[in-house]
1. Please state the Cα pair-distance histogram of segment 33-95 with 10 angstrom bins from zero: what percent is in each bin?
2. Amide H to amide H under 5 Å from Arg69: which residues, 5+ apart in sequence or cross-chain, H placed 1.01 Å off N in plane?
3. What's the Kirkwood radius of segment 4-109 in Å, using all Cα pairs?
Amino acid sequence: MFKNPFSFKGRIRRLEYGLSVIIGFTAMLVAGSLSAAQSSNAVMVVVVLIYVPSIQFLLAQGAKRCHDRGATGLWQIIPFYGWIMLFGEGDPGSNEYGPNPKGIEYHDDWDPIANETKEKEASNQEFN
């Protein structure tokens, strides 16, 4: 978990995304509390040093979660799409952004309806 947390490449699971949101917003909350408590220049430097990596971390993790759902990272700027990223299932199997982070690959033979349809098509072709 948390491999290359500042990278925008790859895919992550819902759990990692949820933990990333909690960690990122907690860090920003602590920084905001520091700036509210004191307004000296030293405190503001510390706040910026916390905010910038936190924003980079949240954007990178959000982009990877978008990738897991088969979308570009820009989708995370859509209002309320974060809820879909948090609770929505990712693409089964590999997609253009990488392998399934769950390690589960989707195969057609796992789908009984698709298999039944293929069998019917194959038997129809034999009789034609």
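A short reminder: the numbers here are calculations on the coordinates, not readings from a lab. In this text the structure is predicted, and so the values were computed from the model without any measurement.
1. Result, from short to long distances: 21, 35, 21, 18, 6, 0 percent.
2. Asp91
3. Over segment 4-109, the inverse of the mean reciprocal pair distance is 14.9 Å.
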